[in-house]
Each structure stands twice: as structure tokens, then as C-alpha cells.
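Novice: Take a look at the following structure, please.
Derivation of every value follows stated rules applied to the coordinates shown; laboratory data play no part. Please read all numbers here as calculations on a predicted model, not as lab measurements. Heads up, the Cβs are rebuilt from the backbone with ideal geometry, glycines too, and the neighbour counts pull from every protein chain shown.
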Amino acid sequence: MKFCSGCKTKKDRSEYYAHYCSKDGLHSQCKSCMKKNWAKYAKTNKSRIQNIVSKYQARNITKVRASTRTWQMAHPEAMRAIAATRRARKLRATPAWASKEVVAEYKRLSYIAKEIEEIAGIKCQIDHIYPLKGHNSCGLHVAHNLQLLTEFQNKAKSNKDPEIIGVTVDKIYRADNGRIEFIRAICQKEEW
């Protein structure tokens, strides 16, 4: 038995995390107190923790990708749940009048993306201008909310509104402007 300095009760030694610096090899607080303290710290220092995590991920990108892939392979049920949630969100964001229009636009954009890859060797992705699950707003899954972005642009945009990240219609290729000739001209520019 060991006394917890957090909840002021005696608990079994298995209720404590290991700590190599202490005399008995255990933390002074029990696991439940440590979890409460960590949750409180994480809530008050959210931006600091996000900054540390993003720096680590940037320095160890291959390790993080491998770890993520390993987790995805080990948890197929979680991946299915994530995919189902995204499909459901898309369905809720697709008005009844727009479903055929969206399918047609996706086919058209897929064709254009394939052309860009063949012509310029640049992989493009179909993106929602206003994300379906944004920070401040939720866009609709409709044709005029779709655009083509390069992989890099899409990852940089993430799920932010274009106004937040300062991307204007002039800087990105929007789906409703599209023609193959226009893309060929754009592909020759340095920004692509």
C-alpha cells in the first residue's frame, strides 16, 4: 500500500505509475490523479501542446507516417468507422437537388486531375472550398463548392475556410472555371 499525495488515500502499488527517480520507484500520485492533472494541464495549454506535437511531426515525418499506417492496419474497424462518418457527413451536406450534379462534377474533375497528372506530372486532389467539417462553418457537398488543388495545397489548406488562410479565387483553380486548355496554361506556371 502507498499513500497518494493527490487524493490523500492509500492505494495498492499497482495503482501508481513507475518513476525511476523516486526511492520506491513509483510516482507520489496515483494513476487517476495523474490523469486528472494531465487533462487539466492539456486543457489550459492546448496551443503549446499542439505546437510541440506539430514540431515533432515535422522533424519525424517518416516515423509518424509509419506509425500512423501501422495503427491503421491494426485497427481496420476504426478506419471503417472514420470512413463511414465521412460518408454520412457528405450525405448530410448534400442537398437532394444536388446529388446528380455532384456526381457529374466529380467525374469531370477526376478527368481534369488525370489530364494534369499526364501533362505536368502533378497529382491533384478534389477539395471542398468550404470544408464539410470546418472550424467556423460547414460547407455543402455541391458542385460549386468543389475545386482542384495540388496535394501540397490541399494539405496546407486542411479543413480551413479560404478566407481564414488568405486563399482567393485568383490563386486557386476552382472547379466551376475548368477547361483543359486553361489547365495546360496553368501547369506551365511556377505556382503549379
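Novice: Just add up the charged neighbours of LEU26: K/R +1, D/E -1, any other residue whose Cβ is under 15 Å from the Cβ of LEU26.
Specialist: +3
Novice: Follow-up question, since we're still on this one. Taking the Cβ of each residue in GLU77, GLU151 as the centre, tally the other Cβ atoms inside 10 Å and list the residues starting with the fewest.
Specialist: The fewest-first ordering by Cβ neighbours comes to GLU77, GLU151.
Novice: Another question about this same structure. Taking the convex hull of the alpha carbon atoms in region 2-44, what volume per residue do you get, in Å³?
Specialist: With only Cα atoms used, region 2-44 gives 69 Å³ per residue.
Novice: Next question. Out of every Cα pair in region 1-155, what percent are spaced more than 20 Å from each other?
Specialist: When every Cα pair of region 1-155 is considered, 72 percent fall beyond 20 Å.
Novice: Let me ask something else. Grab the other residues whose beta carbon is less than 14 angstrom from that of ILE52, score K and R as +1, D and E as -1, and report the net.
Specialist: +4
Novice: Same structure again: Nearest 0.05, what FRET efficiency do ARG48 and LYS155 give at R0 = 30 Å with Cβ-Cβ as r?
Specialist: 0.80
Novice: Here is a further query. How much length is gained if the chain between GLU77 and CYS138 is pulled fully straight, taking 0.36 nm per residue apart and subtracting their Cα-Cα distance, in nm to one decimal?
Specialist: 19.3 nm
Novice: What distance in nm separates the simple spin-label points at ASP12 and ALA58, each placed 7 Å from Cα in the Cβ direction?
Specialist: 4.6
Novice: Provide the descending list of Cα extents for region 61-139 along its principal axes, expressed in whole angstroms.
Specialist: Rounded to whole Å, the extents work out to 40, 36, 25 Å.
Novice: Please give the direction-averaged projected area of the C-alpha convex hull for region 117-162, in square nanometres with one decimal.
Specialist: Average projection, Cα convex hull of region 117-162: 3.4 nm².
Novice: Students often get this wrong, so check it: of LYS46/LYS90; LYS10/LYS40; LYS55/LYS160, which have C-alpha atoms separated by over 25 Å?
Specialist: In this structure, LYS46/LYS90 exceed 25 Å between Cα atoms.
Novice: For MET79, what charge total do you get from the other residues with a beta carbon under 14 Å from its beta carbon, if Lys and Arg give +1 and Asp and Glu give -1?
Specialist: +3
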